[in-house]
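Below is one structure; the comments refer to it alone.
The values are calculated or read from the model by the stated rules, or taken from the named source; none is laboratory data. Just so it is clear, the structure is predicted and the values come from calculations on it, not from any experiment. Cβ atoms come from the backbone with ideal geometry, glycine included; neighbour counts cover every protein chain shown. Accessible surface is based on the protein model in full, side chains and every heavy atom, while ligands, DNA and RNA are left aside. Shrake-Rupley method; radii C 1.70, N 1.55, O 1.52, S 1.80 Å.
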Amino acid sequence: MTEGRIKVWLLKGKSSSKTAGAKRMRLRRQFVITAEKTETYTLRQEPPQAFETFCEKCDRKVRCLTLDQTVTVTGLGARTIFRLVEAGELHCYETDEGHLLLCPNSVALFVHLQ
């Protein structure tokens, strides 16, 4: 969901110009436009029973994100996320089946710092 807000201000100033020896005042208008944008992401976990585990680096129990959810939130590719996990930037947990689950706290911190 994307929300936006646009603000417009009218600045008034005076400038002079000479025409045929007479001094005329001309009104000059300048518009200043400022735009703000806010984005909100909503994650729905599948299956409804989210996988919870203890993140040793955060020292708390967390509901893990899948790789696909992490790609959606960060906007990064899967390979980049694997590189960040290997570099220790993102906390992760690997299941017995080989699935990678990521700590939402480390993902949120990474997104915030970018």
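Taking the conditions exactly as written (farther than 16 Å from residue 39 by Cα, touching a residue at least 12 places away in the same chain (Cβ under 8 Å) and open to solvent by 100 Å² or more (accessible area, probe 1.4 Å)), does residue 79 satisfy them or not? Criteria not met by residue 79. Residue pairs whose Cβ atoms lie under 7 Å apart, sitting 6 or more positions apart in sequence or on different chains, and linking a residue in the stretch 95-114 that is of a type in the set (Val, Ile, Thr) to a partner that is buried (at least 19 other Cβ atoms within 10 Å of the Cβ) and outside any helix (DSSP H, G or I), are 95/101; 107/65; 107/90.
Within the stretch 84-100, being farther than 17 Å from residue 112 by Cβ and either among the hydrophobic types (A, V, I, L, M, F, W, C) or surrounded by fewer than 13 Cβ atoms within 10 Å (Cβ to Cβ) (or both) holds for 85, 86, 87, 88, 92, 94, 95, 96, 97, 98, 99, 100. With respect to the conditions (1) exposed (fewer than 10 other Cβ atoms within 10 Å of the Cβ); (2) modelled with pLDDT of 75 or more, residue 55 falls short on a single one, namely (1).
Checking every residue in the stretch 60-79 against the condition of being at positive phi and modelled with pLDDT of 75 or more gives at least one match. The single condition among (1) touching a residue at least 24 places away in the same chain (Cβ under 8 Å); (2) under 16 Å from residue 52 (Cα atoms); (3) open to solvent by 80 Å² or more (accessible area, probe 1.4 Å); (4) of a type outside the set (Phe, Trp, Tyr) that residue 72 does not meet is (2). Hey, can you tell me all the residues within the stretch 82-94 that are touching a residue at least 12 places away in the same chain (Cβ under 8 Å) and either within 19 Å of residue 42 (Cα to Cα) or in a loop (DSSP other than H, G, I, E, B) (or both)? Within the stretch 82-94, 89, 90, 91 meet the criteria. Checking each residue in the stretch 58-81 for being over 18 Å from residue 112 (Cα atoms) and more than 20 Å from the chain's Cα centre (by Cα) picks out 59, 60, 61, 62, 63. State whether one or more residues within the stretch 88-106 are aromatic (Phe, Trp, Tyr) and out of contact with any Cys (no Cβ under 9 Å at 6 or more places or on another chain). Looking for residues that are aromatic (Phe, Trp, Tyr) and out of contact with any Cys (no Cβ under 9 Å at 6 or more places or on another chain), one finds none in the stretch 88-106, hence no. Filter the stretch 59-69 for residues that are open to solvent by 30 Å² or more (accessible area, probe 1.4 Å) and closer than 21 Å to residue 42 by Cα and give the result. Scanning the stretch 59-69 gives 61, 63, 66, 67, 68. Among the numbered conditions (1) in a loop (DSSP other than H, G, I, E, B); (2) at pLDDT below 85, tell me where residue 35 comes up short. Residue 35 satisfies every listed condition except (1).
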